[in-house]
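The values are calculated or read from the model by the stated rules, or taken from the named source; none is laboratory data. Owing to the predicted nature of the structure, the values given are computational and were not obtained by experimental measurement. Positions of Cβ are backbone-derived with ideal geometry, glycine not excepted, and every protein chain shown enters the neighbour counts.
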Amino acid sequence: MTQSPTAGGTAPPPKKRVSILISGRGSNMVALAEAARAPGYPAEIAAVISNRPEAAGLNWAADHGICAIALDHKQFATRTAFEARLHSILMNLGTELICCAGFMRMLTGGFIDRWRDKQLNIHPSLLPAFPGLDTHQRAIDAGVKVAGCTVHFMRLEMDTGPIVGQAAVPVLSSDTAEDLAARVLAAEHHLYPAALALIASGKAVVEAEKVVIREEVNLAPALYSPMLG
Ligand code: GRF
C-alpha cells in the first residue's frame, strides 16, 4: 500500500494489515476495529475471520464495512486442511499480523510456526497464572486478590508465549466468576488495542523470547487490592 508524503516530506509508516480471528461475541474484535479507525493508529483491519459461521462478531464486522469471513472448521476433514485454507486466506488478504480474540480453535504447530511472532492472543488472566478455561472461577477459588488479562504472542503450548502487556483488576470477596469476567473484559478492551499498537508500530519487539518495549514510561501507580486504608 502506498501513502502520499505529508507536507513535511516524510510519509507516515504504512499501517500493518491485521486479520482478527474470532469464534463468538467478538467484543475484543470490536475494540480493535474501533481503535484502528483512528488516523494515527499503526494497524488496519484486513478482515475478521470466524471458524463458527454463527459468531455474532461476524455480523458486527460486516455491518461496519469490514471484510467478514466465515470459515467453518467442520467443513474440513482435518485440522491441517482447515489451517491450510485459513493460511491461504490470510496471505491473500496481505495479513502481516493476526490477532486471536476469543478464537476457540486449537492451532497446530505448523500454523503457529508459520506465524511465529506475528500472532497475538488475549487471555483473561495474568499469565502464567490460570492458563486454559474457566480462569475466573479458578482465580476466585485460589483466593487471589488481583486478576487481569494478558496479550501475548502465541506459541505451541496454549496460553504461553512472550507477553506484550497485562492489565490488573481487583478481585472482590463478593465476586462471582461473571462479576470478575466483566471487570477483566473491560480492561481487555483497553489493553488489546494498546498492545497491538506497540507491536504494529515496532515500539515493542520479541528478543530472546521476551517482549522488549522501547521508550518505556513508568507512570502507573501500584494497584492495591484491597485498597490500603
Ligand atoms: C475474552 O475474555 C478473551 O480474553 C478470551 O475469550 C473472550 C472473548 O470475548 N480469549 P470476546 O469474543 O472478545 O467478547
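Numerical summary
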{"quantity": "Residue within the range 131-138 that is of a type in the set (D, E, K, R), loosely packed, with under 14 Cβ neighbours inside 10 Å, over 26 Å from GLU54 (Cβ atoms) and assigned by TED's automatic domain parsing to the domain that holds VAL211 present", "calculated": "no"}
{"quantity": "Index of the failed condition, ALA46 passing every other in (1) aliphatic (A, V, I, L, M); (2) more than 16 Å from the ligand (Cβ to nearest atom); (3) part of a loop (DSSP other than H, G, I, E, B); (4) closer than 29 Å to VAL184 by Cα", "calculated": "(3)"}
{"quantity": "When residues of the range 25-43 are limited to those that are away from the ligand (no atom under 13 Å from the Cβ) and aliphatic (A, V, I, L, M), the one nearest to GLN119 (Cα to Cα)", "calculated": "ALA43"}
{"quantity": "Subset tally (residues that are away from the ligand (no atom under 16 Å from the Cβ), in contact (Cβ under 8 Å) with a residue 40 or more places away in the chain and under 20 Å from ALA186 (Cβ atoms)) for the range 112-147", "calculated": "2"}
{"quantity": "Test: residue in the range 204-216 that is in contact (Cβ under 8 Å) with a residue 40 or more places away in the chain, crowded, with 19+ Cβ neighbours inside 10 Å, outside the structural domain of LEU32 (by TED's automatic domain parsing) and over 16 Å from the mean Cα position of the chain (by Cα)", "calculated": "no"}
{"quantity": "Unique residue being of a type in the set (Phe, Trp, Tyr), touching a strand residue (DSSP E or B) at 6+ places or on another chain (Cβ under 8 Å) and either surrounded by 15 or more Cβ atoms within 10 Å (Cβ to Cβ) or within 15 Å of ALA31 (Cβ to Cβ) (or both) when the list is PHE111, PHE153", "calculated": "PHE153"}
{"quantity": "Residues of the range 87-111 that turn out to be in a helix (DSSP H, G or I) and either within 16 Å of the ligand (Cβ to nearest atom) or among the polar types (S, T, N, Q) (or both), as a count", "calculated": "2"}
{"quantity": "Single residue of ARG17, ARG79, ARG52 found to be more than 19 Å from the chain's Cα centre (by Cα) and under 29 Å from PRO131 (Cα atoms)", "calculated": "ARG79"}
{"quantity": "Those residues of the range 14-36 which are assigned to a loop (DSSP other than H, G, I, E, B) and either closer than 18 Å to LEU198 by Cβ or touching a Leu at 6+ places or on another chain (Cβ under 7 Å) (or both), in sequence order", "calculated": "PRO14, LYS15"}
{"quantity": "Residue match in the range 163-184 (condition: over 15 Å from the mean Cα position of the chain (by Cα), surrounded by 12 or more Cβ atoms within 10 Å (Cβ to Cβ) and of a type in the set (Asp, Glu))", "calculated": "yes"}
{"quantity": "Qualifying residue in the range 114-134 (condition: over 19 Å from the mean Cα position of the chain (by Cα) and assigned to a strand (DSSP E or B))", "calculated": "no"}
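Residues are listed down the side, and each one gets a yes or a no for (1) in contact with a Cys (Cβ under 8 Å, 6 or more places away or on another chain); (2) basic (Lys, Arg); (3) modelled with pLDDT of 95 or more:
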{"residue": "VAL48", "(1), (2), (3)": "yes, no, yes"}
{"residue": "GLN75", "(1), (2), (3)": "no, no, yes"}
{"residue": "THR78", "(1), (2), (3)": "no, no, yes"}
{"residue": "ILE112", "(1), (2), (3)": "no, no, yes"}
{"residue": "ARG116", "(1), (2), (3)": "no, yes, yes"}
{"residue": "GLN119", "(1), (2), (3)": "yes, no, yes"}
